[in-house]
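The values are calculated or read from the model by the stated rules, or taken from the named source; none is laboratory data. It should be emphasised that the depicted structure is a prediction, and the values quoted were computed from it without experimental measurement. Ideal geometry is used to build each Cβ from the backbone, glycine not excepted, and the neighbour counts take in all protein chains shown.
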Amino acid sequence: MKNDDHLPGHSRRDFIKGFSLLLGSAALGAPYLAQGLDRLTRPGEHQFFSGDRAKKKLGIALVGLGSYSTHQLAPALAETENCYLAGIVTGTPAKAETWKKKYNIPDKNIYTYKTFDQIKDNPAIDIVYVVLPNAMHAEYTIRAAQAGKHVISEKPMATSVADAERMIAACKAHQVSLSVGYRLHYEPHNLRAMELGQKQVYGKVKTIKTENGFVMNNAGSWRLNKELAGGGPLMDMGIYCVQGACYTVGQTPVAVTAKFGEVTRPRVFDEVEQSIDWQLEFPNGALASCGSSYNENVSYLHAEAEKGWWHLEPAYGYGGITGKTSEGPMHLPQVNQQALQMDGIAQSILENKASRVPGEMGLRDVKILMAIYEAARTGKKVRIA
């Protein structure tokens, strides 16, 4: 998917300054907006430290040079101001050579999966960003923590609750930060959805409906391998719906019912689900009807409250997100989500503050994902611990 960084007539800097002034103060104190929408302010427009302490850029090493690293993260790191692309980890020598030349990466900052642990001796690398198949997140997060490096793990954080808990424990034991690659916590339309719901701008949220999916035509994709992916579209696209429901209400769901969809391409979907639908129940009585599919191109988030509604469509892509409310269009420009995400995480590390997207949030979501699968397998309502 193309990443459209800007709307005509709006610069990224102008948008963030204006959006922060409009919404920043109102967001403070909401459960999933604890760090405030004003934290979107571009780095460099305020000092990170008082006195004479100089701001430094943090070096990021990307672990795994697949499509997301190649087409989204690496280009975004050319726009960041708190961090930069310092190193890479890959098992493909040809990729290493290409990236070395393209991004001027020194040999000492290039690792293989066998030499990865040597990263502990490299002061140029502060953050390890794990961009590997889902089942590999735990291993490389734990190894990075043991090397004394801060960690960003792509979503979903892990393929089991036990692995997610081990990741958090390792990072705490080695006193490093753990964040999850939830870029939409830095995207203005989704931030607006959070504010509208959590601040009850239109009253209490009553219902949410959200779906996310695409047509999977690559039969050889690791996403269709249950051992590597942990599941099908729920683990890939569906987690955005889980996130969207949670951050719109500002609560963690207490129960779920679910049902697997029909398998119309059994040769492709012989290990993971083709589609799945589920309903989340929240403590305040709100209900979220969600769906995810590898057989349909869809992306939206719709919320109904007591006195109004809001709708994002597309809701979860890298660019081109649009939104409206019962009062009219949102008029919020596009941003480079990955750049803001990495800048925001790096800023939290520089300021020694909690991440906006911490490992605990990732663990919560893994628990929800596992409950959804259990509900779909058993046909029963499952309580979420």
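Here are the numbers:
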| quantity | calculated |
| --- | --- |
| Yes/no for residue 176 being touching a helix residue (DSSP H, G or I) at 6+ places or on another chain (Cβ under 7 Å), assigned to a strand (DSSP E or B), in the same structural domain as residue 112 (by TED's automatic domain parsing) and among the aliphatic types (A, V, I, L, M) | no |
| Subset of the range 258-283 (residues that are closer than 26 Å to residue 200 by Cα and assigned to a strand (DSSP E or B)) | 278, 279, 280, 281 |
| Residue count, the range 156-193 (criterion: among the basic types (Lys, Arg) and surrounded by 20 or more Cβ atoms within 10 Å (Cβ to Cβ)) | 2 |
| Residue selected from the range 122-149 under the condition crowded, with 20+ Cβ neighbours inside 10 Å and polar (S, T, N, Q), by the criterion nearest to residue 63 (Cα to Cα) | 141 |
| Which listed residue, of 259, 324, is of a type in the set (D, E, K, R) and under 27 Å from residue 356 (Cβ atoms) | 324 |
| Criterion (more than 19 Å from residue 375 (Cβ to Cβ), out of contact with any helix residue (DSSP H, G or I) (no Cβ under 8 Å at 6 or more places or on another chain) and among the polar types (S, T, N, Q)) met by exactly one of 284, 295 | 295 |
| Test: residue in the range 336-349 that is surrounded by 19 or more Cβ atoms within 10 Å (Cβ to Cβ) and not in a helix (DSSP H, G or I) | yes |
| Residues of the range 267-307 classified as farther than 14 Å from residue 242 by Cα and in contact with a His (Cβ under 8 Å, 6 or more places away or on another chain), total | 0 |
| Filter result for residue 152 (assigned to a loop (DSSP other than H, G, I, E, B) and either buried (at least 20 other Cβ atoms within 10 Å of the Cβ) or without any contact (Cβ under 8 Å) to a residue 24 or more places away in the chain (or both)) | no |
| Within the range 250-279, considering residues that are among the hydrophobic types (A, V, I, L, M, F, W, C) and in contact with a helix residue (DSSP H, G or I) (Cβ under 6 Å, 6 or more places away or on another chain), the one nearest to residue 132 (Cα to Cα) | 272 |
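Every residue, every condition in (1) surrounded by fewer than 22 Cβ atoms within 10 Å (Cβ to Cβ); (2) within 19 Å of the chain's Cα centre (by Cα); (3) of a type outside the set (Val, Ile, Thr), yes or no:
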site: 235; (1), (2), (3): no, yes, yes
site: 239; (1), (2), (3): no, yes, no
site: 260; (1), (2), (3): yes, no, yes
site: 266; (1), (2), (3): yes, no, yes
site: 280; (1), (2), (3): no, no, yes
